[in-house]
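Engineer: Once you've had a glance at the structure underneath, I'll fire off some questions.
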Amino acid sequence: MILVVVAILCVASVPLAGGRLSALSDLDLRAVWAAIGAAVIQVLIVTVLPGGSHGLHVALHVGSYALVVLFLVANRHLVGIPLIALGAALNIIVIAANGGVMPAASAALRIAGIEQSEDFANSAALAHPRLLPLGDVIPIPGPWPIGNVLSVGDLLIFAGALILLHVTCRSRLATPAMRRIGNFS
């Protein structure tokens, strides 16, 4: 849920910085169905139907990231997408190295107020995590729905989304440096 809150804050920051949200209608987004499909899969396996076959949940989790990659490749021409792709790549590498689950630091989960369950979790404390520093190690304290854990990849995704929003909407924050950082060209 914190991701939804952060997304709302990102969007709200545009008019506060003098940008026009109506400019988002000019975005040449491609393969939107892939992003929607990835989101639906993640909500289903984590929130709606977390019980059941662990193997099926892992396969669906990894498959959802394949859809994310498709969306990002289709939209690589947009400013901010390369930074979003870098964050997603870091997350994918860590998830793949840990059998389809993002490893989370036990301390971060505790600070965030997240209890482990036997059901599938896209992020969990693992007995022997690989690449844990790139996993969910940044706690956001609070009760549900605010408490959460984030990765370095998640922070890069948020930064890329902010760049995309502010450059597209021509806010005062959309500096030439932001355009360069977000575009990598």
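Values quoted throughout were computed directly from the atomic coordinates according to the rules given, and no laboratory measurement underlies them. Being a predicted model, the structure only gives us computed values, none of them experimental. Using ideal geometry, Cβ is built from the backbone for each residue, glycine included, and neighbour counts are taken over all protein chains shown.
Engineer: Using the C-alpha atoms of the range 56-117, what convex hull volume per residue, in cubic angstrom, is computed? Display every interim value, and only then the final one.
Structural biologist: On the way: hull volume 6.1 nm³, N = 62.
Normalising the Cα hull of the range 56-117 by residue number yields 98 Å³.
Engineer: How long is the range 86-185 along each principal axis, judged by its Cα atoms, biggest number first, in Å?
Structural biologist: Projected onto its principal axes, the Cα set of the range 86-185 covers 46, 30, 19 Å.
Engineer: Ok, one more. What do you get for the angle between helix 32-43 and the principal long axis of the chain? Use alpha-carbon atoms, 0 to 90 degrees, nearest ten.
Structural biologist: Here the helix axis deviates by roughly 30 degrees.
Engineer: Follow-up. Provide the net charge surrounding S123, with neighbours chosen by a C-beta distance below 12 Å and charges set as Lys +1, Arg +1, Asp -1, Glu -1. Walk me through the numbers on the way to the answer.
Structural biologist: Values: positive: none; negative: D136, D154.
Cβ neighbours under 12 Å give a net charge of -2.
Engineer: I've got another one for you. Determine the sum of side-chain charges near N75: Lys and Arg each +1, Asp and Glu each -1, restricted to other residues whose C-beta is under 13 angstrom from that of N75.
Structural biologist: Details: positive: R30, R76; negative: D28.
Every neighbour counted, the sum reads +1.
Engineer: Apply the a/c threshold of 1.5 to the C-alpha gyration tensor of the range 117-158 and tell me whether it is rounded, prolate or oblate.
Structural biologist: Oblate shape, in that a/c is at least 1.5 and b/c is the bigger or equal ratio.
Engineer: Taking just the alpha carbons, could you work out the radius of gyration and Dmax for the range 13-80, both in angstroms?
Structural biologist: Expressed in Å, the Cα Rg and Dmax of the range 13-80 come to 15.8, 48.
Engineer: Compute the separation of the alpha-carbon centres of the range 71-85 and the range 28-54 and state it in Å as a whole number.
Structural biologist: 19
Engineer: Something else about it: From largest to smallest, what semi-axes in whole angstrom does the range 99-139 give when each is the square root of 5 times an eigenvalue of its alpha carbon gyration tensor? Could the numbers behind the result be given before it?
Structural biologist: Working: eigenvalues 40, 35, 11 Å².
Working from the Cα gyration tensor, I get semi-axes of 14, 13, 8 Å.
Engineer: Then there is this: What is the Rg over Rh value, at two decimals, for the chain, using alpha-carbon atoms and the Kirkwood definition of Rh? Write down the numbers at each step before the final one.
Structural biologist: Numbers: Rg = 16.9 Å, Rh = 17.2 Å.
Reported Rg/Rh (Cα atoms, Kirkwood Rh): 0.98.
Engineer: What angle, in degrees between 0 and 90 and rounded to the nearest 10, separates the Cα long axis of helix 2-16 from the longest principal axis of the Cα atoms of the chain?
Structural biologist: It works out to around 10 degrees.
Engineer: 222 nm [θ] for the chain, helices only, -39500 (n - 2.57) per DSSP H run of 4+, per residue, to 500? Could the numbers behind the result be given before it?
Structural biologist: On the way: 7 runs with 97 residues, N = 185.
Helix contribution divided over all residues of the chain: -17000 deg cm²/dmol.
Engineer: Hey, what angle do you get for helix 54-74 against the long axis of the chain, alpha-carbon based, 0 to 90 degrees rounded to 10?
Structural biologist: 10
Engineer: Moving on to the next point. Give the relative contact order (percent, whole number) for the chain; include only Cα pairs under 8 Å separated by 6+ residues.
Structural biologist: Values: 297 pairs, mean separation 53.4, N = 185.
Averaging sequence separation for qualifying contacts and normalising by length gives 29 percent for the chain.
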